[in-house]
């Protein structure tokens, strides 16, 4: 397959690209219900014998059995709900038990250091898991000017992502409404563990 | 792959290769880079509705990615 560079300006190694892709895929899955196209993509996923590979294969298998309507319903039950969803995928909630607390303020500071801000159109706060993963993706790919150094990525990851994301993905894996998202939870948890480990190797 | 300014250490690269690349990253790569990238905008728009923060940089980048 020919590689079409995600970001033409920067030379990002294949290993780092694979991280960016996973962040992007997870961000997309957690940010909005899957549409037909994404569901087709999920069905096409294959995995090898590694734990993450098996997670992807499982995700593909579940996606095969669900319709886009069922996936939308699941997303709604998990994250939207009538009053609220089963889970609240926000850093502040996970770290303090409340929304919009200090962790969000600290995240905003870190974002302004990176030169990024929430869009006016955004209705969710920046500490939503999908937003954090989009930021990780952007740092790797150089969306914010140029690729952010591994040391700075690590700092952001450690301060704002790793502190709660594994717990969140464990909850997702175990959530009552989770079918497709049971696999997403597994993949997310494994990926977070891999990230933590890889950063430590680099540091 | 070839020359890079990324200071990916050999150990980190090997680890990531085994842990993520070996996986279905090839599969993830294929469509996310091509199929999905061609459509990069659509997921983003929907994400935006869900609170996705689209910065000017990101917008610019997706414009670039579409070409």
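Worth a mention:
- Peptide ranges A:102-112, A:20-30, A:52-62 listed from the most packed, as the mean C-beta count within 10 angstrom indicates: A:20-30, A:52-62, A:102-112
- Take every Cα pair under 8 Å whose residues are at least 6 apart in sequence, average their separation, divide by the length of chain A, and the relative contact order is 26 percent.
- Proxy reagent accessibility, fewest Cβ within 10 Å first, across A:172, A:99: A:99, A:172
- Order of A:143, A:49 - criterion: other Cβ atoms within 10 Å of each residue's Cβ, fewest first: A:49, A:143
- Residue B:11-residue A:158 pseudo-label distance in nm [points 7 Å out on the Cα-to-Cβ vector]: 1.5 nm
- Volume of the convex hull of the range A:1-117 (Cα atoms only), normalised per residue: 162 Å³.
- Relative to its residue count, the range A:68-177 spans a Cα convex hull of 125 Å³ per residue.
- Computed over the range A:1-120: relative contact order in percent, which uses C-alpha pairs under 8 Å that are six or more apart: 13 percent
- Taking 0.36 nm per residue of separation and subtracting the Cα-Cα distance, full extension of the segment from residue A:201 to residue A:36 would add 55.5 nm.
- Label point distance in nm, residue A:149-residue A:69, each placed 7 Å from Cα along Cα→Cβ: 5.4 nm
- Solvent-free Debye calculation, one equal scatterer per alpha-carbon of chain A: log10 I(q)/I(0) at 0.10 Å⁻¹ equals -0.42.
- Peptide A:15-27 - average C-beta neighbours from other chains (10 Å radius): 6
- Euclidean distance of C-alpha centroids, the range A:9-32 and the range A:66-82, integer Å: 24 Å
- Label-point gap, in nm, between residue A:14 and residue A:101 - each point 7 angstrom along Cα→Cβ: 4.5 nm
- Entry note, the range A:121-203: relative contact order of 22 percent, from Cα contacts under 8 Å with a spacing of 6+ residues.
Quick note: the coordinates plus some simple rules give every number you see, no bench work behind them. Note that this is a predicted model, so its numbers are computed, not measured. Every residue, glycine among them, receives a Cβ derived from its backbone with ideal geometry; neighbour counts consider all protein chains shown.
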